[in-house]
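Since the structure comes first, as structure tokens, the remarks are kept for the end.
The values are calculated or read from the model by the stated rules, or taken from the named source; none is laboratory data. For clarity, every value in this text was computed on a predicted model and none was experimentally measured. When we count neighbours, we look across all protein chains shown, and the Cβ atoms used for this are built from the backbone with ideal geometry, even at glycine. These accessible areas exclude ligands, DNA and RNA; they are computed on the full protein's heavy atoms, side chains included. Shrake-Rupley method; radii C 1.70, N 1.55, O 1.52, S 1.80 Å.
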2 protein chains.
Amino acid sequence: MPVLYHFPLDPASRFIRLIMGELQMEAEFIEERTHERRREFLLLNPAGELPVLVEHDGQVVPGAVTIAEYLDETRGLVLGDRRLLPEAPAARVEVRRLISWFGHKFRAEVSEPLVHEKIIKRLLPAEHGGGAPDPGAMRAARANIRYHLKYIAHLLRQRNWLAGDRLTYADLAAAAELSAVDYLGDVPWNEEEAVRHWYATVKSRPSFRPLLADRLRGVAPAAAYADLDF
Amino acid sequence: MPVLYHFPLDPASRFIRLIMGELQMEAEFIEERTHERRREFLLLNPAGELPVLVEHDGQVVPGAVTIAEYLDETRGLVLGDRRLLPEAPAARVEVRRLISWFGHKFRAEVSEPLVHEKIIKRLLPAEHGGGAPDPGAMRAARANIRYHLKYIAHLLRQRNWLAGDRLTYADLAAAAELSAVDYLGDVPWNEEEAVRHWYATVKSRPSFRPLLADRLRGVAPAAAYADLDF
């Protein structure tokens, strides 16, 4: 059975968990704490980053973008016209542009600082940067998310889904980032009604259920995190 | 004719220039300074990042990884068994893993800080972070490159090229990063003979010539930058 090394609140891991859910892949999920720099894990991915997929034949596939492309190539075709990375080159450009937007820009400006300050710093020993969250970093991230919600709303004025007229990797990449921030209670949903509506639709999909069941020891999710009618 | 918006010492732009050279693509090249945040450029790529390809039919393709995938899908097949993103899923995993390694890890740890400190800070006004280079940041990057050269040497002990037995995107991604650092004279070539040998082979390809002809106003390249016998 394939194995996915992941961390529950890591948005990159969540992106791949959503894809695997859409593909109805059976898999084993192993929680990895990359800051422990476990030797066996570094042998799988010398970059030391999550997620990492180990295929049933032993093939190691490290990194969210590489896994997403790999799953499209090896399993995506069975979805037919619901394929999550569409066929046409121009459509693929838009999906990949948005995967990069959310996986790099949103990550760096919003989800990475919030998850780091509120979660990772609790897990780290003080000599490796652990400790109390930095209020300045959290304030900046909470300001940045407003700009990103406006950008998603802008896309949804032209389209039903983020990259066009159907669900693609772009929606899953965006929802994965937002869901990690939502666990922490830091998405101002009342500011952009169209974004809330789109997120409610994605959140209602069966592929989302395992994410909504995540519970981190010592950090309860925000009240409406698992609520489909938030 | 296709247009590539690029900056001469930007490693991501160099990666795409090398691919276009390998594909023998005719194109117009326009130098863009992203820190100016030119409105017309932001309309092409809201992320404000280089490179951006505008196809002859007007299709906009933003970002190095998205452009690389797009060029493989639209022009890669003509290369036959010299295709730069190989056919087999496992081989594609290794190429994409290394594109990410060099485009994210090497970039963040080595090329981005060196180009930023030595080049970009000269172009920026003081109120936007311009000024003298930070010796601490440069020292850290010059220490980090040693670890990356060892990693490349490690790969070359098992293979002729970085991702396997022939030239792929992985070699071009790595050479693009190294070439920007080499312009600045910060690659300690004498430390890893196998890496120097591999780089000399890539540097001798016709696709590399335009990069070796780059000259930044006010910053001359290191003495051996354009020397094929360095």
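Averaged over its residues, how many other protein chain Cβ atoms are within 10 Å of peptide B:146-152's Cβ atoms?
Partner Cβ neighbours, averaged per residue: 0.
For region A:89-208, what is the accessible area per residue in Å² when the probe is 1.4 Å?
The answer is 40 Å² per residue.
Taking region B:75-153, which GluC sites (Glu not before Pro) meet the DSSP loop condition and have no more than 15 other C-beta atoms within 10 Å?
The qualifying sites are B:E87.
Counting only protein heavy atoms and using a 1.4 Å probe, what share of the accessible area of chain A belongs to carbon plus sulfur, as a whole percent?
C and S fraction of accessible area: 51 percent.
For the cross-link pairs A:K118/B:K118; A:K150/A:K203; A:K150/B:K105, which exceed 26 Å when the distance is taken from alpha carbon to alpha carbon?
Flagged as over cut-off: A:K118/B:K118; A:K150/B:K105.
In region A:1-136, with Lys and Arg counted as +1 and Asp and Glu as -1 at Cβ, which of these residues, A:G103, A:T74, A:L43, has the Cα nearest the positive end of the dipole, that is, farthest along it?
A:G103
For region B:84-136, which chymotrypsin sites (Phe, Trp or Tyr not before Pro) pass both filters: DSSP loop (anything but H, G, I, E, B) and at most 13 other C-beta atoms within 10 Å?
For chymotrypsin sites (Phe, Trp or Tyr not before Pro) across region B:84-136 that sit outside H, G, I, E and B with at most 13 neighbouring Cβ atoms in 10 Å, the list is empty.
Considering protein heavy atoms only and a 1.4 Å probe radius, which residues within region A:49-67 exhibit an accessible-area decrease of no less than 20 Å² in the full assembly relative to the chain by itself?
Output list: A:Q59, A:P62, A:T66.
Every other copy gets compared here: list the nm distances from the A:P188 label point (7 Å along Cα to Cβ) to its counterparts, shortest first, one decimal.
With the label placed 7 Å along Cα→Cβ, A:P188 yields 4.9 nm.
Inside 10 Å of the C-beta atoms of A:94-101, what's the mean count of C-beta atoms belonging to other chains?
5
Dipole of chain B, Cα-centred, from +1 at each Lys and Arg C-beta and -1 at each Asp and Glu C-beta, to the nearest 20 debye?
Roughly 480 debye, rounded to the nearest 20.
List, shortest first and in nm to one decimal, how far the label point of A:A224 (7 Å from Cα along Cα→Cβ) is from its counterparts in the other copies.
Spelled out, the distances from A:A224's label point are 6.2 nm.
Using helices alone, I'd like the mean residue ellipticity at 222 nm for chain B: each DSSP H run of four-plus residues gives -39500 (n - 2.57), total over residue count, nearest 500.
For chain B, the value works out to -13000 deg cm²/dmol.
With +1 on each Lys and Arg Cβ and -1 on each Asp and Glu Cβ, and nothing else charged, work out how big the dipole of region A:1-130 is about its Cα centre, in Debye to the nearest 20. Walk me through the numbers on the way to the answer.
On the way: 17 positive and 21 negative charges, 87 e Å.
Here the size comes out at about 420 debye.
Under DSSP H, which helices of chain B have Cα atoms covering 20 Å or more of the helix axis and a Kyte-Doolittle average no less than -0.5?
Details: long enough: B:135-158 (36 Å, -0.36); B:169-183 (21 Å, 0.58).
Qualifying helices, which must be both long enough and hydrophobic enough, are B:135-158, B:169-183.
Going 7 Å from Cα along the Cα-Cβ axis for the label, what nanometre distances separate A:I30 from the same residue across the other copies?
Relative to the other copies, A:I30 has label-point distances of 5.0 nm.
Could you compute how much accessible area chains A and B hide from each other, both sides summed, with a 1.4 Å probe? Nearest 100 Å² is fine.
1800 Å²
Just to verify a number: FRET efficiency for B:A200 and B:L124, C-beta to C-beta distance, R0 = 35 Å, to 0.05?
After rounding, the FRET efficiency stands at 0.55.
So which trypsin sites (Lys or Arg not before Pro) in region B:127-211 end up in coil per DSSP with only 15 or fewer other C-beta atoms within 10 Å? List each step's numbers first, then the result.
Details: sites: B:R139, B:R142, B:R146, B:K150, B:R157, B:R159, B:R166, B:R196, B:K203; in loops: B:R159, B:R166.
Taking region B:127-211 and a limit of 15 other Cβ atoms within 10 Å, the loop trypsin sites (Lys or Arg not before Pro) found are B:R159, B:R166.
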